[in-house]
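Step one of this worksheet: look at the structure below.
The values are calculated or read from the model by the stated rules, or taken from the named source; none is laboratory data. Please read all numbers here as calculations on a predicted model, not as lab measurements. Ideal geometry is used to build each Cβ from the backbone, glycine not excepted, and the neighbour counts take in all protein chains shown. Note: accessible area is taken over every heavy atom of the protein model, side chains too, but ligands, DNA and RNA are not part of it. Shrake-Rupley method; radii C 1.70, N 1.55, O 1.52, S 1.80 Å.
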Amino acid sequence: MVDFEFKEKYNIDDFIEIMKILRRPGGCPWDIEQTHESIKKNLIEETYEVIEAINKQDTDLLREELGDLLMQVVFHTVMEEEKGAFDFDDVVDEVSKKLIIRHPHVFGDVNADTVDEVLANWDAIKKRTKNQKSVSESMLSVPVELPALMRASKIQKKAADVGFDWDDCSGAVDKLYEEADELKAAIQNGDGENAEEELGDLLFSAVNVSRFIHADPEESLTKASNKFLNRFTLVEKLAGERNIDMKTASLEELDSLWDEVKKAEMR
């Protein structure tokens, strides 16, 4: 039994101490053997679970998932404190200073009355503090580890900020069709390697269109996936009700069920 004071309500200092206890000799064998690399995917999973709670507008779930996400932050921080690199106070200090520096319209004498002005200041300060002298350097700072659609959107926005962009959505849409034609040609030619490249170009162009219509590409694809899943579920249900084996049914039969489901949605 460890020396620990049980409380009715714990604070952040208690939370950090609990994690340290778990990592010490005599603590939890699993927690002790973890490294940054071994739990890095947990951080991503917990982040998405926070987003799920937000989408569900579930306050109780959000509180729980934010705690799980904070646990990942504390976990990684305690590992570094064990090595003498930094502790939680250092993390808080650095992000606090960053917020102060990047909000000169609040903590300084800079004027920024609109959201656009705030974002412009933020980007300019970020480039200066990170010593980014070119747009390419700014693009390279976008993590490769981001979801591909999100990374593409961020890179495109940085290019657009310096004028490297279509004049309007029509140019982006025309490029989308052009890339679709090139993908089709690569497939018809049996050129698998080129087809993969053209598919990437097509997706990149689709992200371009998303920017012009002010739609988040990740959200758009999520909605499309959800729509497909809902329709497929109903198609599968109809097939079962009519004793249709989906594995052996013709494409025409399945398309007919799909169209029936789509028409039902419009009623």
Checklist entry - At q = 0.14, 0.16, 0.17 Å⁻¹, what base-10 log of I(q)/I(0) does the Debye formula yield for the chain when every alpha carbon is treated as an equal point scatterer in vacuo? => result -1.26, -1.38, -1.43
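What are the semi-axes of the equivalent ellipsoid of segment 143-245, taken as the square roots of 5 times the eigenvalues of the Cα gyration tensor, listed largest first and rounded to whole Å? Intermediate results must be reported in sequence, preceding the final value.
Details: eigenvalues 197, 77, 35 Å².
Over the Cα atoms of segment 143-245, the ellipsoid semi-axes are 31, 20, 13 Å.
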Next on the checklist: Need one number: nm distance between label points at Val110 and Asp58, each 7 Å from Cα along Cα→Cβ, rounded to one decimal.
Outcome noted: 4.0
Checklist entry - With every protein chain present, what is the per residue accessible area of the chain (1.4 Å probe, Å²)? => result 72
Next on the checklist: With viscosity set to 1.306 mPa s at 10 °C, what whole-number translational diffusion coefficient in µm²/s follows for segment 1-131 from Stokes-Einstein and a Kirkwood radius over Cα pairs?
Outcome noted: 90
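First select every other residue whose beta carbon is under 15 angstrom from the beta carbon of Gly27; then total the charges, Lys and Arg +1, Asp and Glu -1.
Here the count lands on -3.
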Checklist entry - When the chain is treated as a GNM, springs tying every alpha-carbon pair under 10 Å, which of Ser134, Ser210, Ser153 comes out with the largest mean-square fluctuation? => result Ser134
Item to check | Leading residue at positive end of dipole, the chain (Cβ point charges), from Val235, His103, Gly26 | outcome: His103
Item to check | Ranking by accessible area, most exposed first, for Lys126, Lys247 with a 1.4 Å probe | outcome: Lys247, Lys126
Checklist outcome for this item: Highest GNM mean-square fluctuation among Ala112, Ala85, Ala249, for the chain with Cα springs under 10 Å, belongs to Ala249
Item to check | Most mobile of Ala185, Ala206, Ala120 in a GNM of the chain (Cα contacts under 10 Å) | outcome: Ala185
Checklist entry - Roughly what percent of Cα-Cα pairs across segment 162-214 reach past 18 Å? => result 35
Checklist outcome for this item: Rounded to the nearest 10 Å², the accessible area of Tyr48 using a 1.4 Å probe with every protein chain kept is 120
Checklist entry - Per-residue ellipticity at 222 nm for the chain, helices alone: DSSP H runs ≥ 4 residues times -39500 (n - 2.57), over residue total, nearest 500 deg cm²/dmol? => result -24000 deg cm²/dmol
Item to check | Signed unit charges on C-beta, dipole axis of the chain, positive-most listed residue Val209, Leu257, Val92 | outcome: Val92
Checklist outcome for this item: If every Lys and Arg gets +1 and every Asp and Glu gets -1 at its Cβ, then about the Cα centre the chain yields a dipole, in debye to the nearest 20, of 340
Next on the checklist: Run the numbers for Leu66 and Ala85: contour at 0.36 nm per residue of separation, minus the present Cα-Cα distance, in nm.
Outcome noted: 4.3 nm
Checklist entry - Along each of its three principal axes, how wide is the spread of alpha-carbon positions in segment 81-172, in whole angstrom units, largest first? => result 54, 36, 22
Checklist entry - Measuring from centroid to centroid over Cα atoms, what is the spacing of segment 172-249 and segment 1-52 in Å? => result 41
Checklist outcome for this item: Rh (Kirkwood, all Cα-Cα pairs) for segment 36-195, Å, reads 20.1
Checklist entry - Under a 1.4 angstrom probe, counting protein chains only, how are Met19, Met246, Met266 ranked by accessible area, largest first? => result Met266, Met246, Met19
Item to check | Apportionment of accessible area to carbon and sulfur, the chain, percent (1.4 Å) | outcome: 55
Item to check | Percent RCO, i.e. relative contact order, over segment 47-125, from Cα pairs under 8 Å lying at least 6 residues apart | outcome: 15
